[in-house]
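Here is the structure we will look at.
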Amino acid sequence: MTRVKICGITNLEDARMAVEAGADALGFIFVEKTPRFVTPEQATSIIRRLPPFVTPVGVFWDHPAGHVKAVVEACGLRVVQFHGDETPEDCQGYSVPVIKTIKLPPATTIDGLPEYRVTERFGAFLYRKVVAAYLLDSQARWSEGEGREPLEWRGIRVMAETQPREARVPIVLSGGLTPDNVATAVDIVRPFAVDVNSGVEAQPGKKDPHKVRRFIEAARRA
């Protein structure tokens, strides 16, 4: 069954609602000057109230390793997600599993793009020995809190299946997912998990309970 991560949690009310709706993981964004930024103190006050078996994930972007490790310990994070230009070496040495975000172009820019360039952008296979999963996201900016276009799901499926089985790493699919398209995305890509942020929001930093429930139900049915 596909797991679901609800990212961009900023308050306890949204966290509890997402858990009650069936979320497997919650994402806390520690990237300063973004609409869903939370301080370690804010995240800790939410995480300590989560029930067992709900995974708190910390999202970082080119932060120093010492800072990341301090936040992991202070907040009780159980997974780290790197969203910047971190190298494979930067992803090592942590006490919790690491997810590396790989940024891909949205589907509308793929037409006519030579296949080798798409594969080159994927670039994830450099990390396969040091990360627990790849998170595939859009190259479009999310610092202002806007939604993004979906990725080219069929191309992702082809790229994943052409890798040797021993080199495959679980895929967390993100980028432009909504309650209306997540079932199709899961059917095509067959990811280990899906990750949604703006696609289930009422406004940046505030989740829409109806959208969250619809998203999780659709992902589970796929």
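Computed from the coordinates by the stated procedures, all read-outs in this text should not be read as laboratory data. This is a predicted model, so every value here is computed, not measured. Ideal geometry is used to build each Cβ from the backbone, glycine not excepted, and the neighbour counts take in all protein chains shown.
Overview of results
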| read-out | value |
| --- | --- |
| Filter on Lys5/Lys207; Lys100/Lys206; Lys5/Lys103; Lys5/Lys206; Lys69/Lys100 - keep pairs with C-alpha separation over 21 Å | Lys100/Lys206 |
| Approximate spin-label separation Arg221-Asp62, in nm, with each point projected 7 Å along Cα-to-Cβ | 4.2 nm |
| Anisotropy class of region 157-222 from Cα gyration tensor, a/c 1.5 cut | prolate |
| DSSP-assigned coil residues among GluC sites (Glu not before Pro) in region 1-81, each with at most 10 further Cβ atoms within 10 Å | Glu32 |
| Rounded if a/c under 1.5, otherwise prolate or oblate - the chain, Cα gyration tensor axes | oblate |
| Theoretical gain in end-to-end length, Phe125 to Ile188 [0.36 nm per residue, Cα-Cα removed] | 20.6 nm |
| Beta bridges by DSSP in the chain, antiparallel share as percent, to the nearest 5 | 10 percent |
| Choice from Thr39, Thr55, Thr162 showing the highest fluctuation, given a GNM over the chain with Cα pairs closer than 10 Å | Thr162 |
| Estimated inter-spin distance, Ser45 and Leu12, nm [label 7 Å along Cα→Cβ] | 0.8 nm |
| Gain upon complete extension [Gln139, Gln163; 0.36 nm per residue less C-alpha separation] | 6.4 nm |
| Relative contact order of the chain, pairs being alpha-carbon contacts under 8 Å that are 6 or more residues apart, as % | 22 percent |
| Gained length - Arg78 relative to Val54, 0.36 nm times residue gap less alpha-carbon distance | 7.7 nm |
